[in-house]
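One structure below.
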Amino acid sequence: MKLRECIELAAIALNLGDVLGRELTDTDKQLIACANNCIDEIASEYLPIKKEKTVAAEGGLIAYSLLDEAVYDVLEVRDKKGNAVEFCVKPSHIQVEHDGEYTVCYCTRPPVLGVDDEVPIALKLSPRILSYGIVAEYLLCGGFYEEAVTFDARFKDALKRATSGFKEKRIKLRRWLL
């Protein structure tokens, strides 16, 4: 799913007409910023982007610079044998008891996307769900608070449904006995 699809759906809901032409207008830039804010919210609250990397601890410290991407939250640290170890998160590093090789499981924030970039959390999301969030954010920035609340509720309800594993329940067809 490309960011362009989601922004175009949001523009239709906002009745903005044609957006994302050859030259980006101020409205286009604002819609892109709103989309990036929504993607960041989704990644931090609903569908975290999890990464794992094996690194060496020196002096009981694992520097964040050894990890591939910026760390949002450290989930788990495991030793060579795969056993979970105790750790302490500090501003510049992760502290463990001993030196050695550890596997760090962590969450990261998505990168800032351009119009034609792929949305990294498209696993369970449809463009419609993300467009609700973009509309809510755009309306909030414009001062239309009541309308923003409506679209924000749609956005959060759709996100909860997409991430909860909700399945439709069906009751077997039964017949009357006479």
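The values are calculated or read from the model by the stated rules, or taken from the named source; none is laboratory data. This structure is a prediction, so every number in the text was calculated from the model and none was measured. Methodologically, a virtual Cβ is constructed for each residue, glycine included, from the backbone with ideal geometry; neighbour enumeration extends over all protein chains shown. These accessible areas exclude ligands, DNA and RNA; they are computed on the full protein's heavy atoms, side chains included. Shrake-Rupley method; radii C 1.70, N 1.55, O 1.52, S 1.80 Å.
If we keep just the residues of segment 122-175 that are under 16 Å from the mean Cα position of the chain (by Cα) and either open to solvent by 90 Å² or more (accessible area, probe 1.4 Å) or on the phi > 0 side of the Ramachandran plot (or both), which is modelled with the lowest pLDDT?
In this case the residue turns out to be Leu123.
Go through segment 68-129 and tell me which strands (runs of 3 or more DSSP E), entirely inside it, have 1 or more residues that are touching a strand residue (DSSP E or B) at 6+ places or on another chain (Cβ under 9 Å) and under 30 Å from Ile32 (Cβ atoms).
Result: 73-78, 100-108.
Checking Leu67 against (1) surrounded by 18 or more Cβ atoms within 10 Å (Cβ to Cβ); (2) closer than 30 Å to Gly142 by Cβ; (3) of a type in the set (A, V, I, L, M), only one condition comes out false. Which one?
(2)
Condition first: within 26 Å of Ala162 (Cα to Cα) and either at pLDDT 90 or above or among the hydrophobic types (A, V, I, L, M, F, W, C) (or both). Now tell me which residues in segment 52-72 satisfy that.
Residues satisfying the conditions are Glu52, Val71.
Read through the list (1) at pLDDT 90 or above; (2) of a type outside the set (Gly, Ala, Ser); (3) touching a helix residue (DSSP H, G or I) at 6+ places or on another chain (Cβ under 6 Å), then give the number of the only condition that Pro110 fails.
So the condition that Pro110 fails would be (1).
If I ask for residues that are part of a strand (DSSP E or B) and of a type in the set (A, V, I, L, M), which ones from segment 15-60 would you list?
Ile49, Val55, Ala56, Ala57
Among residues belonging to segment 47-61 that are open to solvent by 50 Å² or more (accessible area, probe 1.4 Å) and out of contact with any strand residue (DSSP E or B) (no Cβ under 9 Å at 6 or more places or on another chain), point out the one that is nearest to Glu8 (Cα to Cα).
Glu58
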